[in-house]
Amino acid sequence: MFAASLGGGATVNGLPLRVSGIARLDRALVVAQAQSVDEGEIRAYAALVRRLMQAAGGVRSLGSPALTLCAIAAGRLEAYCEYAMDAWDIAAGQLILQEAGGTLTTFSGAAHATAERADVAASNGRVHPELLAVLKDLA
């Protein structure tokens with residue numbers, strides 16, 4: 001069970017979580033995913049995956065956005081990108097990720113602190129500048 005409290009750190013089954021120490025995107029495992037039947041959104045997702053595959057150590061799609069954020073917090077992955085991520089998935093994983101040392105922003109690098117859908121970039125913090133450079137002009 002993943003848990004966190006503001007300023008109190010993040011845990012899984014009571015054990016402390018920390019993001020990975022990988023500091024280069026070309027060595028990072030990145031997750032990207034989309035849920036849409038809209039042709040324009042499918043094309044945008046394909047462009048995103050293409051850019052990530054050219055820059056990252058590996059690209060995957062896991063399914064649950066909230067659990068993906070927890071996997072970054074646990075050091076199992078380094079980064080995650082999703083267009084129009086639902087607010088409940090952001091809220092469920094953002095605090096855990098941040099308390100484990102990670103970063104979550106919009107694709108443009110702005111903080112995300114609303115209860116609305118957003119294009120989200122999340123990482124261990126170390127690869128975040130490189131990740132944002134890859135995402136530039138995709139938002």
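A few comments on the model shown:
- So L135, is it surrounded by fewer than 19 Cβ atoms within 10 Å (Cβ to Cβ) and in contact with a Phe, Trp or Tyr (Cβ under 9 Å, 6 or more places away or on another chain): no
- Cβ pairs under 7 Å, 6+ apart, first in segment 18-35 and in a loop (DSSP other than H, G, I, E, B), second of a type in the set (A, V, I, L, M, F, W, C) and surrounded by fewer than 21 Cβ atoms within 10 Å (Cβ to Cβ): A28/I22
- When M53 is tested against (1) surrounded by fewer than 14 Cβ atoms within 10 Å (Cβ to Cβ); (2) modelled with pLDDT under 90; (3) not in a loop (DSSP other than H, G, I, E, B), exactly one condition is not met: (2).
- Of everything in segment 96-113 that is among the hydrophobic types (A, V, I, L, M, F, W, C) and in a helix (DSSP H, G or I), the residue that is farthest from I72 (Cα to Cα) is I96.
- Count - residues of segment 36-50 that are of a type in the set (G, A, S), part of a helix (DSSP H, G or I) and under 14 Å from M85 (Cβ atoms): 1
- Which numbered condition A46 fails, given (1) over 21 Å from M1 (Cβ atoms); (2) touching a residue at least 40 places away in the same chain (Cβ under 8 Å): (2)
- Search result, residues across segment 80-97 that are without any contact (Cβ under 8 Å) to a residue 24 or more places away in the chain and in contact with a Gly (Cβ under 9 Å, 6 or more places away or on another chain): none
- The set of residues from segment 40-84 being among the hydroxyl-bearing types (S, T, Y) and within 18 Å of K136 (Cβ to Cβ) comprises Y45, Y80, Y83.
- Across segment 69-94, the number of residues qualifying as under 22 Å from P16 (Cβ atoms) and either in a loop (DSSP other than H, G, I, E, B) or at pLDDT 95 or above (or both) comes to 12.
- Residues that are among the small types (G, A, S), buried (at least 20 other Cβ atoms within 10 Å of the Cβ) and either in contact with a Cys (Cβ under 9 Å, 6 or more places away or on another chain) or without any contact (Cβ under 8 Å) to a residue 40 or more places away in the chain (or both), drawn from segment 98-113: A100
- The residues of segment 114-131 that are in a helix (DSSP H, G or I) and either in contact with a His (Cβ under 7 Å, 6 or more places away or on another chain) or crowded, with 20+ Cβ neighbours inside 10 Å (or both), listed by number, are H128, L131.
The values are calculated or read from the model by the stated rules, or taken from the named source; none is laboratory data. No experiment lies behind these values; they were computed from the predicted model shown. Methodologically, a virtual Cβ is constructed for each residue, glycine included, from the backbone with ideal geometry; neighbour enumeration extends over all protein chains shown.
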